[in-house]
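First comes the structure, then the notes that go with it.
The values are calculated or read from the model by the stated rules, or taken from the named source; none is laboratory data. Small disclaimer: the values here were computed from a predicted structure and weren't measured. Quick reminder, even Gly has a Cβ in these numbers, built from the backbone with ideal geometry, and neighbours come from all protein chains shown.
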């Protein structure tokens, strides 16, 4: 197991960085000392470090999580699952400063699925394509992390999120958060030589500890962010691990909680709580662990409240669409197209032609029918001349979960 270096017992160690005469900031040119963190290993159980008050918070939220899990199992709704997955992925990216609207993310996904889309309207979607990687990683993580965790399973999640920096291994360089050097950084992670042992310890805890599942999810996330095992993409990867572990524990196996939606509302507090977890004095470990477990439980509680709202909204959309399409014969391609919209709420007639394996004429008629009943409408803004159509009810559900995004207005039924 990885252990902190010999010294005065603190997990924070003073190190020195030489000055860089070519640096822009005077502090970097001067150089100086900085503090580097050497996380303590998790061990077999962290329960001794969790206070009674923190466990009460965990017990309270466990009831809410179990209720959401049961509702998702009893009535699986494709609209609900897809909306929770996409909203969580987009919000997790927003936490890291990768900001794009749900509609543009779905246009980027359409662009991947319909290579014929061309024109200036479809340029400048780089951030949206990056967020798609996070969406794919959440989907894969919920599925793959049900099995025992391995180094490779963690690498696979990170590879999907940050292919530009992933090289099949943990980082081989120093990383820091903030600042232009270690001297001005807000956090300097453990050196690369410590990463693999620390991650092996984290995997042992994930696979073997009998701690409460919600306590484990909290500690796994905080420890992963503290180790910071990759050059980039640590935050998004760490939040995927939470969803993967909740699925593995059997708490949520038909969806994900909108955790990042909640964290996104106060990212400064999220950072403060992760910082507080990085205690210096080993004797303060109980307070540090209990503090983060309590914060995490409260975030999960708010996530459950958000999930309840999304469940209700998804049921409303499902019922509304059923009523709007009731006029069509049961074998009409319109019904199949509605199922396609759940996964791809922004479409073209050409994409539906392929997705439905039908003719160009039929695909066009399906689009016209869905526009007529108010399920689809032409996309506005930069895509208004691109023959792109959107299911605004689904986009609106996602918009409402992303702070700062104006909810998409609903279309009217064509009379």
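Which residues, taken from the stretch 35-66, are part of a helix (DSSP H, G or I) and either more than 22 Å from the chain's Cα centre (by Cα) or on the phi > 0 side of the Ramachandran plot (or both)?
If the condition is that a residue be part of a helix (DSSP H, G or I) and either more than 22 Å from the chain's Cα centre (by Cα) or on the phi > 0 side of the Ramachandran plot (or both), then 47, 48, 49, 52, 53, 54, 55, 56, 57, 59, 60, 63 are the ones that fit.
Looking at 56, 68, which is the one that is closer than 27 Å to residue 294 by Cα and exposed (fewer than 13 other Cβ atoms within 10 Å of the Cβ)?
56
Table: residues versus (1) modelled with pLDDT of 95 or more; (2) within 27 Å of residue 139 (Cα to Cα).
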site: 307; (1), (2): no, yes
site: 314; (1), (2): no, yes
site: 333; (1), (2): yes, no
site: 338; (1), (2): yes, yes
site: 351; (1), (2): yes, yes
site: 368; (1), (2): yes, no
site: 383; (1), (2): no, no
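Just to be sure before I move on: is residue 289 in a helix (DSSP H, G or I), surrounded by 14 or more Cβ atoms within 10 Å (Cβ to Cβ) and assigned by TED's automatic domain parsing to the domain that holds residue 265 in the structure I sent?
yes
Based on what the data block shows, is residue 221 buried (at least 24 other Cβ atoms within 10 Å of the Cβ) and part of a helix (DSSP H, G or I)?
Spelling it out, it is not the case that residue 221 is buried (at least 24 other Cβ atoms within 10 Å of the Cβ) and part of a helix (DSSP H, G or I).
Cβ-Cβ distance below 8 Å, separation of 6 or more or different chains: which pairs start in the stretch 309-323 with a residue that is in contact (Cβ under 8 Å) with a residue 60 or more places away in the chain and end on one that is surrounded by 13 or more Cβ atoms within 10 Å (Cβ to Cβ) and outside any helix (DSSP H, G or I)?
310/258; 310/401; 311/77; 313/400; 314/77; 315/77; 318/77; 321/375
Given the conditions (1) surrounded by 15 or more Cβ atoms within 10 Å (Cβ to Cβ); (2) more than 27 Å from residue 94 (Cβ to Cβ), report the number of the one that residue 175 does not fulfil.
With respect to (1) surrounded by 15 or more Cβ atoms within 10 Å (Cβ to Cβ); (2) more than 27 Å from residue 94 (Cβ to Cβ), residue 175 is out only on (2).
Residue-wise test of (1) farther than 21 Å from residue 200 by Cα; (2) touching a strand residue (DSSP E or B) at 6+ places or on another chain (Cβ under 6 Å); (3) in the same structural domain as residue 218 (by TED's automatic domain parsing).
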{"site": "16", "(1), (2), (3)": "yes, yes, no"}
{"site": "19", "(1), (2), (3)": "yes, no, no"}
{"site": "44", "(1), (2), (3)": "no, no, no"}
{"site": "54", "(1), (2), (3)": "yes, no, yes"}
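Testing residue 216 on (1) under 24 Å from residue 69 (Cβ atoms); (2) surrounded by fewer than 22 Cβ atoms within 10 Å (Cβ to Cβ), one condition comes back false. Which one is that?
Unmet condition: (2).
Does residue 306 fit the bill of being within 19 Å of the chain's Cα centre (by Cα), over 30 Å from residue 167 (Cα atoms) and part of a loop (DSSP other than H, G, I, E, B)?
Considered against the rule, which asks whether it is within 19 Å of the chain's Cα centre (by Cα), over 30 Å from residue 167 (Cα atoms) and part of a loop (DSSP other than H, G, I, E, B), residue 306 comes out as no.
For the stretch 260-279, state whether one or more residues are farther than 19 Å from residue 50 by Cβ, in the same structural domain as residue 68 (by TED's automatic domain parsing) and not in a helix (DSSP H, G or I).
Among the residues of the stretch 260-279, at least one is farther than 19 Å from residue 50 by Cβ, in the same structural domain as residue 68 (by TED's automatic domain parsing) and not in a helix (DSSP H, G or I), which makes the answer yes.
Kindly establish whether residue 84 is under 20 Å from the mean Cα position of the chain (by Cα) and crowded, with 24+ Cβ neighbours inside 10 Å.
yes
Is it the case that residue 247 is modelled with pLDDT under 95, surrounded by fewer than 23 Cβ atoms within 10 Å (Cβ to Cβ) and within 30 Å of residue 163 (Cβ to Cβ)?
yes
Name the residue, out of 315, 276, 322, that is surrounded by fewer than 20 Cβ atoms within 10 Å (Cβ to Cβ) and under 24 Å from residue 93 (Cα atoms).
276
Which one of 342, 346 is touching a helix residue (DSSP H, G or I) at 6+ places or on another chain (Cβ under 9 Å), closer than 23 Å to residue 69 by Cα, assigned by TED's automatic domain parsing to the domain that holds residue 375 and in contact (Cβ under 8 Å) with a residue 24 or more places away in the chain?
342
Here are some residues: 253, 232. Which one is out of contact with any strand residue (DSSP E or B) (no Cβ under 6 Å at 6 or more places or on another chain), more than 30 Å from residue 78 (Cβ to Cβ) and either assigned to a loop (DSSP other than H, G, I, E, B) or touching a residue at least 40 places away in the same chain (Cβ under 8 Å) (or both)?
When all the criteria are applied, what remains is 232.
Run residue 188 past the list (1) at pLDDT 95 or above; (2) crowded, with 22+ Cβ neighbours inside 10 Å; (3) touching a helix residue (DSSP H, G or I) at 6+ places or on another chain (Cβ under 9 Å) and report the number of the one that doesn't hold.
(3)
If I filter the stretch 74-96 for residues that are closer than 22 Å to residue 379 by Cα and in a loop (DSSP other than H, G, I, E, B), do I get at least one hit?
Checking the stretch 74-96: not a single residue is closer than 22 Å to residue 379 by Cα and in a loop (DSSP other than H, G, I, E, B).
Show the residue pairs meeting these rules: Cβ distance below 7 Å; 6+ apart or different chains; first residue within the stretch 359-387 and farther than 20 Å from residue 325 by Cα; second residue at pLDDT below 95 and surrounded by fewer than 16 Cβ atoms within 10 Å (Cβ to Cβ).
384/378; 386/119
If we scan the stretch 191-204, do we find a residue that is at pLDDT 95 or above, on the phi < 0 side of the Ramachandran plot, surrounded by fewer than 20 Cβ atoms within 10 Å (Cβ to Cβ) and in a loop (DSSP other than H, G, I, E, B)?
Within the stretch 191-204, one or more residues are at pLDDT 95 or above, on the phi < 0 side of the Ramachandran plot, surrounded by fewer than 20 Cβ atoms within 10 Å (Cβ to Cβ) and in a loop (DSSP other than H, G, I, E, B).
Go through (1) modelled with pLDDT of 95 or more; (2) within 17 Å of residue 145 (Cα to Cα) for residue 226 and report which single condition fails.
In the conditions (1) modelled with pLDDT of 95 or more; (2) within 17 Å of residue 145 (Cα to Cα), residue 226 misses (2) alone.
Scan the stretch 166-182 and tell me whether some residue there is within 30 Å of residue 81 (Cβ to Cβ) and more than 20 Å from the chain's Cα centre (by Cα).
The answer is no; no qualifying residue exists.
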